[in-house]
1. Give the residue, chosen from MET65, MET1, that is surrounded by fewer than 16 Cβ atoms within 10 Å (Cβ to Cβ) and touching a His at 6+ places or on another chain (Cβ under 9 Å).
2. Output the number of residues of region 105-122 satisfying the condition of being within 17 Å of SER148 (Cα to Cα), among the β-branched types (Val, Ile, Thr) and either loosely packed, with under 10 Cβ neighbours inside 10 Å or at pLDDT below 90 (or both).
3. Is there a residue in region 95-104 that is surrounded by 11 or more Cβ atoms within 10 Å (Cβ to Cβ) and over 20 Å from TRP135 (Cα atoms)?
4. Would you mind listing the helices (runs of 4 or more DSSP H) fully within region 1-116 where at least 2 residues are free of Cβ contacts under 8 Å to residues at least 12 places away in the same chain?
5. Modelled with pLDDT under 95 and closer than 23 Å to ARG145 by Cβ: which single residue out of SER14, SER46 fits that description?
6. So how many residues does region 11-55 have that are among the polar types (S, T, N, Q) and closer than 30 Å to THR114 by Cβ?
7. Please state which one of GLY120, GLY124, GLY153 is in a loop (DSSP other than H, G, I, E, B) and without any contact (Cβ under 8 Å) to a residue 12 or more places away in the chain.
8. Given (1) over 30 Å from SER159 (Cα atoms); (2) at pLDDT 90 or above, identify the lone condition not met by MET141.
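The values are calculated or read from the model by the stated rules, or taken from the named source; none is laboratory data. Everything quoted here is computed from the prediction, not taken from an experiment. Because the Cβ atoms are built from the backbone with ideal geometry, glycine has one as well, and the counts that use them run over all protein chains shown.
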Amino acid sequence: MLPITVPETEEFNSETNEFTVVPAVSLQLEHSLISMSKWEAKWKKSFMSSRDLTVNELIDYVRCMTINKITDPSVYTRLTQANVEEVRRYIDDPMTATTIREDGARGGRNRIITTEQIYGWMVGYGIPFDPCEKWHLNRLMMLIRVCSIQQSGGNRKMSRREQAAWQTAQNAKRRARTGSRG
């Protein structure tokens, strides 16, 4: 969860010709499958595949991420650049210590992933919706990748180049162990 504070501001009321102070508001945000589902239902496109979100799309995603009750929807128009940057960093944070080596990764960079596909993977791997759909999305995606690797046995065929390099390394180890030259 990411707590952010939208600072207080002064706004001019043209009807009364007075300045009024709009108090600061605390938002509690969660980048999760649920928030992404809400956003995709409205915008009818994949959130994960959208490279450059418009300002309106990003502000609306912050609204979808909000888990505390907000009575004044204008708070989202008062987000500062610092608030937006903090949200972007939070979305990009992997939220896990798990890493997966990307050797031999094939394509997939331009693949469009929707929330329905993620829910499908969760069903396929037996990942419970509750509580996982409320997790930070990057953590959930890492769990799905780990399940995929475990289900496939973690083994993939080596390319000819990888096989040759492995054989060369094995021969060098044997020569070093036996003191042989070849």
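1. Details: MET65 fails: surrounded by fewer than 16 Cβ atoms within 10 Å (Cβ to Cβ).
It is MET1.
2. Residues in region 105-122 being within 17 Å of SER148 (Cα to Cα), among the β-branched types (Val, Ile, Thr) and either loosely packed, with under 10 Cβ neighbours inside 10 Å or at pLDDT below 90 (or both): 1 in total.
3. No, that holds for no residue.
4. Values: elements: 33-43, 55-65, 81-92.
Where helices (runs of 4 or more DSSP H) fall fully within region 1-116 and carry at least 2 residues being free of Cβ contacts under 8 Å to residues at least 12 places away in the same chain, they are 55-65, 81-92.
5. On inspection, the qualifying residue turns out to be SER46.
6. First, the residues of region 11-55 that are among the polar types (S, T, N, Q): 13-14, 16-17, 20, 26, 28, 32, 35, 37, 46, 49-50, 54.
Filter once more, so that each one left must be closer than 30 Å to THR114 by Cβ: 28, 32, 35, 37, 46, 49-50, 54.
Selection size over region 11-55: 8.
7. Details: GLY120 fails: in a loop (DSSP other than H, G, I, E, B); GLY124 fails: in a loop (DSSP other than H, G, I, E, B).
Every option except GLY153 fails the conditions.
8. MET141 satisfies every listed condition except (1).
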